[in-house]
Amino acid sequence: MELRSALNAAFALLGVFMVFATPSRAAEEPIRIAVEGKFPPFNYLDANGELQGFDIDIAEALCASMKAECTLMVQDWDEMIPGLIDQQYDAIVSSMSMSDERRETAAFTQRYYDSPSNFITAKDSGLRSFTPEDLAGRRLGVTLSTSQLAYVQDNYAKSEIVVFGSSPELYDGLADGEVDVILEDKLAAFDWLNNTRAGECCEFRGEDIKEAQYFGDGAGIAVRKDDPDLLAR
């Protein structure tokens, strides 16, 4: 699934996101939307420090459709859900997969795109199979507070799990040989593999991974369960 196709599908679903469009919300304070800013091509800071990417396009199109004022806020990924619960912002538009664990603490819209996870390793790596036995003793990289981390912790206990603070750090770790293999969102990694010089080192291997327990049924917009305005339909 190409990123442009995902973008077109997401805009076609904007009607679903009118979850935000209650008159009281539009007439009051701006909607505060959290994004990570470290997950290209979905959300990232450009050379001028401006937020760009797929999630930013979705958030801005949503706000324009509602004729609502919105404020985008950069938030570290591992504090995303806690910050939402603490009312530091009103919604998360940051390619957040709707896992069972996250649904326990936050409410979600319908998905606006779906992407599997995939193993990635160096092109000259001998790894061809990625069962827990195949990766026993191998250095397996994932990003902090992600569905991929939860998945490998439960299924790859015999691997040496190496946790990175962000996706760019994860990619650098693989390119620099700090880990043998990484598990990452396929669309995000596709951009790195195909559009950066560093990504030329590596390639996808193995089958797509889409276990609903960990990855839900795609990415959705997260809101607080107890926010009546944002949850009104």
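Read-outs throughout are calculated quantities, based only on the coordinates presented, and are distinct from any laboratory measurement. Every value quoted in this text rests on a predicted model; they were computed, and no experiment measured them. Quick reminder, even Gly has a Cβ in these numbers, built from the backbone with ideal geometry, and neighbours come from all protein chains shown.
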(message) Apply the Karplus curve 6.51 cos²θ - 1.76 cosθ + 1.60, θ = phi - 60°, to the phi angles in the range 88-95 and return the couplings in whole Hz, x for Gly and Pro.
(response) 6, 7, 9, 7, 10, 10, 8, 6
(message) Just to be sure I understand the model, the point goes 7 Å from the Cα along the line to the Cβ. What's the resulting Asp172 to Lys210 distance in nm?
(response) 3.3 nm
(request) Among Gly37, Gly177, Gly141, determine the one that fluctuates most according to a GNM of the chain built with springs between C-alpha atoms less than 10 Å apart. (result) Gly177
(message) Between Val74 and Ser125, how high is the FRET efficiency from 1/(1 + (r/R0)^6) when r is the Cβ-Cβ distance and R₀ = 25 Å? Nearest 0.05.
(response) 0.15
(request) Take the Cα atoms of the range 117-215, find their three principal axes, and give me the spread along each one in whole Å, biggest first. (result) 33, 25, 23
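For a 26 Å ceiling on Cα separation, which of these pairs sit above it: Lys38/Lys67; Lys158/Lys225; Lys186/Lys225; Lys123/Lys158; Lys67/Lys186; Lys38/Lys210? Write out the running numbers ahead of the final one.
Working: Lys38/Lys67 28 Å; Lys158/Lys225 37 Å; Lys186/Lys225 29 Å; Lys123/Lys158 23 Å; Lys67/Lys186 33 Å; Lys38/Lys210 23 Å.
Going by Cα-Cα distance, Lys38/Lys67; Lys158/Lys225; Lys186/Lys225; Lys67/Lys186 fall outside the 26 Å limit.
If the only charges are +1 at each Lys and Arg Cβ and -1 at each Asp and Glu Cβ, what is the size of the charge dipole of the range 117-215 around the Cα centre, to the nearest 20 debye?
On the way: 9 positive and 18 negative charges, 23 e Å.
Using only the charged Cβ atoms, the result is roughly 120 debye.
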(request) For the chain, build the charge dipole from Cβ charges (+1 Lys, Arg; -1 Asp, Glu) around the Cα centre, then report which of Met73, Thr109, Ser97 sits farthest towards its positive end. (result) Thr109
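Could you tally the net charge around Asp176, taking each other residue with its Cβ under 13 Å from the Cβ of Asp176, Lys/Arg +1 and Asp/Glu -1? All intermediate terms of the calculation are to be shown ahead of the outcome.
Numbers: positive: Arg139; negative: Glu169, Asp172, Glu178, Asp180.
Computed value for this residue: -3.
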(request) Just need the relative contact order of the range 117-215 here, percent rounded to a whole number, with Cα pairs under 8 Å and 6+ apart. (result) 43 percent
